[in-house]
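The values are calculated or read from the model by the stated rules, or taken from the named source; none is laboratory data. Keep in mind it's a predicted model, so treat the numbers as computed, not measured. Virtual Cβ from ideal backbone geometry, glycine too; neighbours counted across all protein chains shown.
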Ligand SMILES: C[S@@+](CC[C@H](N)C(=O)[O-])C[C@H]1O[C@@H](n2cnc3c(N)ncnc32)[C@H](O)[C@@H]1O
């Protein structure tokens, strides 16, 4: 039998309008779609009626499908000659284990393609009116996992990041926010550094909390995941540049109209 192919496709950060044209084209033709928790399920409406859609979502600490099983699923469907889409939130190669999946496919001799997606790391700040770089305020940014912040020997070097990088974008950072803030202050970041936490960015549930390194932990106490954390002077531009809150949902095109449905699905 002819072997199939796996496409590792980025679904974007939530607003279905941020799926790429290539991603949409492949979704329409897919025979099997294996999708994650942060993928807006509205995108599945673009699949053909006979396509098989399999949820492989992950919640922090409780993986609904272990990574090895996801790899096996991809391999076994491709071995049966199918066109398989592995649909992942944001970009598949940004904290999405896309690299591990590609390695497993390569080892199994399965052909694959990667279709980059719009990562929450850039799109969510943009929807909150925060440019990650700015000629006067920031000439560098780094995207960091917040998971590492509580480890005894973390692999993230917060000291170097604090001194060398202007804007820090932290994914999966809410739980460890107090640790992250403490490390940055200990390594010399000004207590007055502006900070933003953006929840459910690019959807109509988008919610933004701003503060400084000194008060953000208290201000964010009631916030829940998923959240993008942005630290740096560029956050102050939000006062001038916020646009999403001022849009007119009835007239502006927007995938965010689906966000309520999205949240219900995730919290079920
Ligand atoms: C496992 S990482 C996956 C990142 C994804 N591959 C990307 O490129 O956006 C999941 C984290 O991304 C962030 N995230 C993804 N979508 C988000 C959204 N719409 N709003 C806020 N945070 C989001 C959160 O920090 C969440 O905990």
Matching residues in segment 202-222 - criterion: being over 27 Å from residue 164 (Cα atoms) and within 11 Å of the ligand (Cβ to nearest atom): 202, 203, 205, 206, 207
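Restricting segment 192-222 to residues that are assigned to a loop (DSSP other than H, G, I, E, B) and within 20 Å of the chain's Cα centre (by Cα), which is surrounded by the most Cβ atoms within 10 Å (Cβ to Cβ)?
202
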Failed item, numbered, when residue 92 is tested on (1) out of contact with any helix residue (DSSP H, G or I) (no Cβ under 7 Å at 6 or more places or on another chain); (2) modelled with pLDDT of 95 or more; (3) in a loop (DSSP other than H, G, I, E, B): (1)
Specify which of the listed residues (168, 132, 177, 184) is under 23 Å from residue 225 (Cβ atoms), in contact (Cβ under 8 Å) with a residue 24 or more places away in the chain, within 16 Å of the ligand (Cβ to nearest atom) and more than 16 Å from the chain's Cα centre (by Cα). 177
From (1) surrounded by fewer than 18 Cβ atoms within 10 Å (Cβ to Cβ); (2) in contact with a helix residue (DSSP H, G or I) (Cβ under 6 Å, 6 or more places away or on another chain); (3) touching a residue at least 40 places away in the same chain (Cβ under 8 Å), pick out the condition that doesn't hold for residue 81. (2)
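Yes or no, residue by residue, for (1) away from the ligand (no atom under 13 Å from the Cβ); (2) crowded, with 19+ Cβ neighbours inside 10 Å; (3) modelled with pLDDT of 95 or more; (4) not in a strand (DSSP E or B):
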site	(1), (2), (3), (4)
65	yes, no, no, yes
72	yes, no, yes, yes
85	yes, yes, yes, no
100	no, no, yes, yes
103	yes, no, yes, yes
106	yes, no, yes, yes
114	no, no, yes, no
118	no, yes, yes, yes
Failed item in (1) more than 17 Å from residue 93 (Cβ to Cβ); (2) in contact (Cβ under 8 Å) with a residue 24 or more places away in the chain; (3) within 19 Å of the chain's Cα centre (by Cα), with residue 55 passing the rest: (2)
Sort out which residues of segment 223-237 are away from the ligand (no atom under 15 Å from the Cβ) and surrounded by fewer than 22 Cβ atoms within 10 Å (Cβ to Cβ), and write them in order of number. 233, 236, 237
How many residues does segment 229-258 hold that are closer than 16 Å to residue 206 by Cβ and modelled with pLDDT of 60 or more? 13
The number of residues in segment 194-218 that are out of contact with any helix residue (DSSP H, G or I) (no Cβ under 7 Å at 6 or more places or on another chain) and more than 21 Å from residue 243 (Cα to Cα) is 4
Test: residue 23 is in the same structural domain as residue 114 (by TED's automatic domain parsing), surrounded by fewer than 18 Cβ atoms within 10 Å (Cβ to Cβ) and closer than 26 Å to residue 202 by Cβ: no
